[in-house]
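The values are calculated or read from the model by the stated rules, or taken from the named source; none is laboratory data. Small disclaimer: the values here were computed from a predicted structure and weren't measured. Cβ sites come from the backbone with ideal geometry, for glycine too, and all protein chains shown count toward neighbours. Note: areas computed on protein heavy atoms with side chains; ligands, DNA, RNA excluded. Shrake-Rupley method; radii C 1.70, N 1.55, O 1.52, S 1.80 Å.
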Amino acid sequence: MQKKVLFIDRDGTIIKEPPTDFQVDSLEKLEFLPKAISNLRKIAEETDYELVMVTNQDGLGTTSFPEKDFWPAQYKMLKTLEQENIFFKAIHVDKTFEHENAVTRKPNTGLLTEYFSEEYDLSNSYVIGDRLTDIKLAKNLGAKAIFIGDEAEETELVTNDWDEIYKFLKMP
């Protein structure tokens, strides 16, 4: 049986994205979106989706965004989620800037080539994210999109409420 995947963005989707610099580079900036944890737990426990995190982290490893600032918040987020029985099968982090047009940067699929195999059912998989690049990633994967925000085209669901995402994914 083919595996279905939820490709989940990080900033603005699971955790809040700081409006000033858009970088969660300290524990003080780490804040989960309302109801993200409780609904991700239900999704992990009650559905057959494999959870995969896919995130662009502009310039991670540069002087403007040192890795030493990124990893403590990343590990704290993952530890919090794991304590609630939420485990990611894989975590894909792209460190490039948008202007570099790297094949690994969303909406491109360079980090996700392993999912283009008979093992995965991409047509019944979803990308969950808060940017147009997430919707484009879904299209590039041959998957469907769930948009966290106020409006977007070419998505299966547009919402700001993780309760709605859970209900949508639980529907037969």
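So here's what we get for this one:
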quantity: Number of the condition not met by T155 [criteria: (1) surrounded by 18 or more Cβ atoms within 10 Å (Cβ to Cβ); (2) not in a loop (DSSP other than H, G, I, E, B)]; calculated: (2)
quantity: In segment 135-151, the residues that are in contact (Cβ under 8 Å) with a residue 12 or more places away in the chain and open to solvent by 30 Å² or more (accessible area, probe 1.4 Å); calculated: K136, K139, N140, G142, K144
quantity: Given (1) of a type outside the set (D, E); (2) closer than 19 Å to D94 by Cα; (3) over 15 Å from the mean Cα position of the chain (by Cα), index of the condition V24 fails; calculated: (3)
quantity: Selected residue [more than 22 Å from K4 (Cβ to Cβ) and either open to solvent by less than 30 Å² (accessible area, probe 1.4 Å) or not β-branched (V, I, T) (or both)] from N108, N101, N124; calculated: N101
quantity: Tally of residues being of a type outside the set (A, V, I, L, M), in a strand (DSSP E or B) and under 16 Å from D130 (Cα atoms) across segment 4-21; calculated: 2
quantity: Tally of residues being open to solvent by less than 60 Å² (accessible area, probe 1.4 Å) and assigned to a loop (DSSP other than H, G, I, E, B) across segment 22-59; calculated: 9
